[in-house]
There are 2 protein chains.
Amino acid sequence: MSRLPVAERREQLVQAALVVAIRDGIEAATVRAVAAEAGVSLGVVHYCFEDKNELLREVGLAITTQNVERIIFDTPMEGINARGAISLALGILWDSIREHRGAQLLSYELTTTSLRHPELRAVAIGQLEHNWDVAEHVLDQAATLAAVAWSVSVRRLARLSVAAIDGVSLAWLVDGDDDAARAALSSFADHIATYARPAG
Amino acid sequence: MSRLPVAERREQLVQAALVVAIRDGIEAATVRAVAAEAGVSLGVVHYCFEDKNELLREVGLAITTQNVERIIFDTPMEGINARGAISLALGILWDSIREHRGAQLLSYELTTTSLRHPELRAVAIGQLEHNWDVAEHVLDQAATLAAVAWSVSVRRLARLSVAAIDGVSLAWLVDGDDDAARAALSSFADHIATYARPAG
DNA sequence: GTCTATAGTTGGATAGAC
DNA sequence: GTCTATCCAACTATAGAC
């Protein structure tokens, strides 16, 4: 293949690793498989990355930001009440999750893998905190547009929201029941909305 | 080692596999490691199980029932209101999860692994449905003791509860924040309790 | 039933030619 | 920078002695 600067090569390899891991699972994302997917030889990967863990760390970073961008920019909340705003955001988020089943599953695989390997520890934490940040951002947006204030800390509500979404997603990955998942999310949206107070 | 009937040998090997997988993660639970943990030679495992997947299926079954037994028999709910009953049950459950971090993590590892391997597919479904059944049982118990009826199907509430617990557990595995986890569970308990109506 | 020995794969990592 | 070739470790699985 052509001679690329290392930075670009790394980016290309991370993307290839993402493709493999999303499609076939994290344990299928071997150095060999990634090299094959990228169309380069085995040696190239080891030249661009210290070891497999460094590649995996980059994959963790990539999938986190990728997931996030799907949500932030696609959320056009028109001024309604808090319950409506939350529900709308959750609806958009859910459509995105549904369309990216493999990515959602990979996200959980990265979490469990990260929890067993100290060298990857940062991946799980990074993912979770990123999700909290996004939830916080959406909740802030919702509060503004619905002209309400949250009666407990936004951080706590963000935590609550992310936990709800993770739990619902996990069940959906297993049983594929979209209706049940939506019903559960709707119920949790009700709950979050109970923390809204008229803005002061 | 002594000559055991196959059934007992299998049971022993499944327990050994559980020990290894809980301690070091599912990917560390190789046939070799299990044999070593059980103090038998490699061949014995292959003699008792068709292949590694059959062993893993048994492990999935074992951890599921094991987790469940911890909850069902330890729940002495004294007649209070619905919110109190739910909260009490969640408290007991949470203590159990806290004391068995490795088992909880393994449970998620088994789920993701199962979702990538058709031969293990039943493990994830079995686990989830078992959890739903337990939640349903606890909710029924709570309703009786608190003299209330649930205003939506118990199945739906059970699903909601399990999702909440899974989401909270996952975050706790990552960040280890026990206070935040309890706060979140408490909040979800509030929500579940809003579905209680005076019994009729 | 249990053991040792070994076949047959696969994967991470490195060396060295180009 | 990129390739091929190779080393070495670890794994699943089986064969065959005891």
The condition from (1) of a type in the set (D, E, K, R); (2) facing chain A (nearest Cβ under 9 Å); (3) within 30 Å of A:Arg116 (Cβ to Cβ) that B:Asp178 misses is numbered (2)
Please enumerate the residues belonging to the stretch A:31-70 that are near DNA strand C (Cβ under 9 Å from one of its atoms), among the basic types (Lys, Arg) and more than 14 Å from chain B (Cβ to nearest Cβ). A:Arg32
Here is a check on your reading of the model: is A:Arg98 away from every other protein chain (no Cβ under 14 Å) and basic (Lys, Arg)? yes
Taking the stretch B:1-30 and keeping residues near DNA strand C (Cβ under 10 Å from one of its atoms), aliphatic (A, V, I, L, M) and free of Cβ contacts under 8 Å to residues at least 24 places away in the same chain leaves B:Leu4, B:Ala7
Just a yes or no: is a residue in the stretch B:143-152 within 7 Å of another protein chain (Cβ to nearest Cβ) and not β-branched (Val, Ile, Thr)? no
Is one or more of the residues making up the stretch A:78-100 under 20 Å from the mean Cα position of the chain (by Cα), of a type in the set (Lys, Arg), surrounded by fewer than 18 Cβ atoms within 10 Å (Cβ to Cβ) and away from DNA strand D (no atom under 12 Å from the Cβ)? yes
Among (1) modelled with pLDDT of 95 or more; (2) more than 9 Å from DNA strand D (Cβ to nearest atom), where does B:Met1 come up short? (1)
Any idea which of B:Ala184, B:Ala122, B:Ala135 is within 13 Å of chain A (Cβ to nearest Cβ), under 16 Å from A:Val174 (Cα atoms) and hydrophobic (A, V, I, L, M, F, W, C)? B:Ala122
Test B:Ala196 against the criterion of being more than 12 Å from chain A (Cβ to nearest Cβ) and surrounded by 20 or more Cβ atoms within 10 Å (Cβ to Cβ), and give yes or no. yes
Confirm whether B:Ala62 is of a type outside the set (S, T, N, Q), at pLDDT below 95 and not in a loop (DSSP other than H, G, I, E, B). no
List pairs: first in the stretch B:36-48 and of a type in the set (Ser, Thr, Tyr), second more than 7 Å from DNA strand C (Cβ to nearest atom), Cβ under 7 Å, 6+ apart or cross-chain? B:Ser41/B:Ala35
Identify, from the list A:Asp190, A:Asp166, A:Asp175, A:Asp179, the residue that is at pLDDT 95 or above and crowded, with 23+ Cβ neighbours inside 10 Å. A:Asp166
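The values are calculated or read from the model by the stated rules, or taken from the named source; none is laboratory data. A quick note: this is a predicted structure, and the numbers were derived from the prediction, not measured. Ideal geometry is used to build each Cβ from the backbone, glycine not excepted, and the neighbour counts take in all protein chains shown.
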